[in-house]
């Protein structure tokens with residue numbers, strides 16, 4: 001997915017616009033060129049998929065250690081560039097070594113948890129989330145007047161499978177056990193079983 005395609009597919013969402021990073025600020029940091037180009041050309045939305053992003057042309061990206069200087073961080077924290085936080089307050093970062101978007105689980109000694117293998121794959125996963133999860137929530141919570149409950153459960157189960165296949169197509173490692181998207185799919189399974 002190119003930055004231009006992401007901007008086009010995201011559209012003009014006035015409630016949740018895309019925020020771009022300053023190309024000048026990005027030029028002096030050690031991220032992969034693809035990540036820099038994507039953040040400067042397209043950016044990321046302020047909020048989506050349980051994540052909040054803190055990008056803006058007026059705020060340069062900071063290393064994780066600069067953002068959380070007074071907290072005991074792992075030795076490899078110098079490689080992480082802070083771009084936001086998870087719904088649980090975990091820092092969301094880009095790892096400059098490989099360009100992966102990760103969150104660092106503050107409840108588990110800042111253990112690295114993969115979200116997506118690149119910023120471009122994150123953007124495509126975000127689009128997938130928006131496309132499917134709205135339909136999922138509407139069907140789960142409001143049903144369909146014409147469908148029996150068994151048919152709604154079947155449709156939700158099929159939709160859950162489509163979501164996983166699409167996320168796997170975008171970035172197979174990001175759907176493996178212990179990743180952000182695997183956790184999100186587990187949440188869908190619990191909703192489907194009525195456990196949430």
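Helix 180-192 and the long axis of the chain differ in direction by around 20°, with both axes built from C-alpha atoms. Peptides 156-168, 108-120 ranked from most to least packed by the mean count of surrounding Cβ atoms within 10 Å: 108-120, 156-168. Rg and Dmax of the stretch 1-104, both derived from C-alpha coordinates alone, stand at 13.4, 41 Å.
Report the gain in length on full extension from residue 111 to residue 192: 0.36 nm times residue separation, minus Cα-Cα distance, nm rounded to one decimal.
26.3 nm
Counting only Cα atoms, the chain measures 57, 37, 27 Å along its principal axes, largest extent leading.
With a Förster radius of 35 Å applied to the C-beta separation of residue 139 and residue 59, the computed FRET efficiency comes to 0.35.
Taking all C-alpha pairs of the stretch 92-196, those more than 23 Å from each other amount to 34 percent. Label separation (residue 5 vs residue 162): 2.0 nm, computed from points 7 Å beyond Cα along the C-beta direction.
For the stretch 150-196, averaging the sequence separation of C-alpha pairs within contact (under 8 Å, six or more residues apart) and dividing by the residue count gives a relative contact order of 32 percent.
Let me have the relative contact order for the stretch 9-65, percent, based on Cα pairs under 8 Å that are six or more residues apart. Once normalised by length, the contact order is 43 percent.
We did not get these values from a lab; they are worked out from the coordinates using the rules stated. Every value quoted in this text rests on a predicted model; they were computed, and no experiment measured them. All Cβ positions, even for glycine, are placed from backbone atoms using ideal geometry, and neighbour counts span all protein chains on display.
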